[in-house]
Each structure stands twice: as structure tokens, then as C-alpha cells.
């Protein structure tokens, strides 16, 4: 860890602050808040037996909505805001590469799944279909072949599916403290 890299404690405080300061915002036209969405995604990863890295990636996959210079997505948008790149930029160096990759590529994973799974598109919410159009639509064959080579593909696709599943109004999940304990384990192991 360099002098300019936040400590584990500082990183935890930053993440908790993001949830506290922005978590009650509506999640992009869905019937859940940002915090509910992100914790539902992490809970889904946990319920499916995901390891700590997958749970953390699912929890933090949309952190770029809060850190992007372009702001948060809206249903009125006519251009993409690249929240996945903003999120990956924030997490790079603080978290293992596989967590950063899952955050950075969860949008591309939607495009990939739309191109490779005939039933996937039908399950997308209206907001997700709108953002898909802004993000380039389903991948073409060349893009699919290139994306399939990503060494973190399975984790990325798992996080994507957890993202899609994290939009259920009123769903119970463990509280933020539960997930922050997982984040702390990942950070501690990574910076040991």
C-alpha cells in the first residue's frame, strides 16, 4: 500500500459513506433504492454460494453511479454515462483484480448475455433495456468472442445476473454491516 492509497479502515469508511449519503436514492427507475439494489445483488451472490470476492463485486458493482463525472443514469438519458468505468477506476488498487473486472465489465456482460442467451433479454426490466440501447445493444459475434476470453468471465456473469436480480421491492436482506464485514475480509486479505 503506497502513502496515497487509503488504508483498509479508510476504504471501509468511504464505502459506508457512499451507502449512507447516496443509498436512499432511487435506483434508476426501478422500485428499489440504490442501497437496496446493491445489497440485494450481494445477498443473491451469497445465497448462490458465491465466495467473498463475488459477494463484494456484487455489492459494489454500481458504485460508479456515485463517482462518475457524468452523474447517475436516468430514464431520460440519450447517452451512456459509463458508470462501470468510473466504478472500476475507484476500486482499482484497493480490491483484487477480479473484483475490479466484475465491476468494470458488468455492463458488457449484459450486452454479452443478450447476444448469447435468447431468453436473457426478455427478463430485463424496462430501465435495463433502455440503458442497453445506450450501451451499444447486444454484442456482435466479434465482441462475443473477445469477451468470452476474459479470465474473470464466470465471476463477471454471476455479478451481472445478481445485478439483474437485485430489483425486488421489499425484499429482506442482511444489513449493510453484514456486507461490510465481507468487504473488510477481502480488503484485509488483499492488503496483507
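The values are calculated or read from the model by the stated rules, or taken from the named source; none is laboratory data. Treat the numbers as computed from the prediction; the structure is a model and nothing was measured. Note that we place each Cβ from the backbone using ideal geometry, even for glycine, and neighbour counts take in every protein chain shown.
Values as computed for the structure displayed
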| quantity | calculated |
| --- | --- |
| Given (1) farther than 30 Å from residue 11 by Cβ; (2) assigned to a helix (DSSP H, G or I), number of the condition residue 119 does not satisfy | (2) |
| Hits in the range 143-167 - residues which are in a loop (DSSP other than H, G, I, E, B) and under 20 Å from residue 132 (Cα atoms) | 148, 166, 167 |
| Candidate set: the range 136-161, residues that are buried (at least 16 other Cβ atoms within 10 Å of the Cβ) and farther than 13 Å from residue 113 by Cα; chosen: the one nearest to the chain's Cα centre (by Cα) | 155 |
| Long-range neighbours under 7 Å by Cβ, at least six apart or interchain, first residue closer than 18 Å to residue 108 by Cβ within the range 53-73, second at pLDDT 70 or above and part of a loop (DSSP other than H, G, I, E, B) | 73/28 |
| Within the range 38-74, considering residues that are modelled with pLDDT of 95 or more and under 18 Å from residue 86 (Cα atoms), the one nearest to the chain's Cα centre (by Cα) | 61 |
| Residues being more than 17 Å from residue 51 (Cβ to Cβ) and in contact with a strand residue (DSSP E or B) (Cβ under 8 Å, 6 or more places away or on another chain) - total across the range 164-192 | 0 |
| Residue list for the range 24-36, restricted to those being under 17 Å from residue 183 (Cβ atoms) and surrounded by 22 or more Cβ atoms within 10 Å (Cβ to Cβ) | 34 |
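Residues are listed down the side, and each one gets a yes or a no for (1) touching a helix residue (DSSP H, G or I) at 6+ places or on another chain (Cβ under 6 Å); (2) modelled with pLDDT of 95 or more:
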{"position": "76", "(1), (2)": "no, no"}
{"position": "90", "(1), (2)": "yes, no"}
{"position": "117", "(1), (2)": "no, yes"}
{"position": "152", "(1), (2)": "yes, yes"}
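Table: residues versus (1) within 15 Å of residue 45 (Cα to Cα); (2) touching a helix residue (DSSP H, G or I) at 6+ places or on another chain (Cβ under 7 Å).
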| site | (1), (2) |
| --- | --- |
| 87 | no, yes |
| 110 | no, yes |
| 132 | no, yes |
| 140 | no, no |
| 174 | yes, yes |
